[in-house]
Amino acid sequence: PLFATRRPSRPRRMDLDALSNPAGKDPFAAIEAEEEEKVEEAKSNLVHIRVQQRNGRKCITTVQGLNAQLDLKKIIKAVKKTHCCNGTIVEDEEMGQVLQFQGDQRDNVLKFLLENELADKAKIKKHGHG
């Protein structure tokens, strides 16, 4: 009867607060901040060419990240004329000025930017498949 008089023991729970960092500092915070800065800097230098699906078979091509000194109106006019599509400049709060073209013009815009040396091949990111 030795075991019968004993109460069953409850499993012990760990005190998670005791395991946390006693100084209250994140040891990886500085490393993460540096990595985020590098990623943001790399992103800011890139020219992004994307296609966005509208309704049905319709889509638009967006170009963002072009140099602010470039005359975007002239770029739009040239692309519209050479590739027979309509286009406009849209002002976005986060992205700044974004070029929009009707249809999937990713290849055409990429080729245009490279031929006119408006951006380096390494700094152009073409999103999507195809």
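The values are calculated or read from the model by the stated rules, or taken from the named source; none is laboratory data. Computed from a predicted model, the values in this text were never measured in an experiment. Cβ placement follows ideal geometry from the backbone for every residue including glycine, while neighbour counts extend to all protein chains displayed. These area figures cover heavy atoms from the full protein model, side chains too; ligands, DNA and RNA do not enter into them. Shrake-Rupley method; radii C 1.70, N 1.55, O 1.52, S 1.80 Å.
With kT/(6 pi eta Rh) evaluated at 10 °C and eta = 1.306 mPa s, and Rh the Kirkwood radius from Cα pairs, the range 81-130 diffuses with a coefficient of 130 µm²/s according to Stokes-Einstein.
Each label point was placed 7 Å from the Cα along the Cα-to-Cβ direction; for T88 and E115 their separation is 2.6 nm. Compute the signed sum of charges (Lys and Arg +1, Asp and Glu -1) over the other residues within less than 11 Å, Cβ to Cβ, of L110. Residues near L110 contribute +3 overall. Ranked by solvent-accessible area (1.4 Å probe, protein heavy atoms only, all chains present), the residues T61, T82 order from largest to smallest as T82, T61. The residues of the range 72-126 have, on average, 69 Å² of accessible surface per residue, using a 1.4 Å probe with all protein chains present. Each residue, K80 and K125, gets one label point 7 Å from its Cα in the Cβ direction; the gap between the two is 2.9 nm. Distance check, please: which entries in K77/K111; K80/K111; K81/K125; K81/K111; K81/K123 exceed 21 angstrom between their Cα atoms? Distance filter (> 21 Å) returns K81/K125; K81/K123. Per q in 0.14, 0.16 1/Å, what log10 I(q)/I(0) does a Debye calculation on the alpha-carbon atoms of the range 46-130 return? At q = 0.14, 0.16 Å⁻¹ the computed log10 ratios are -0.42, -0.56.
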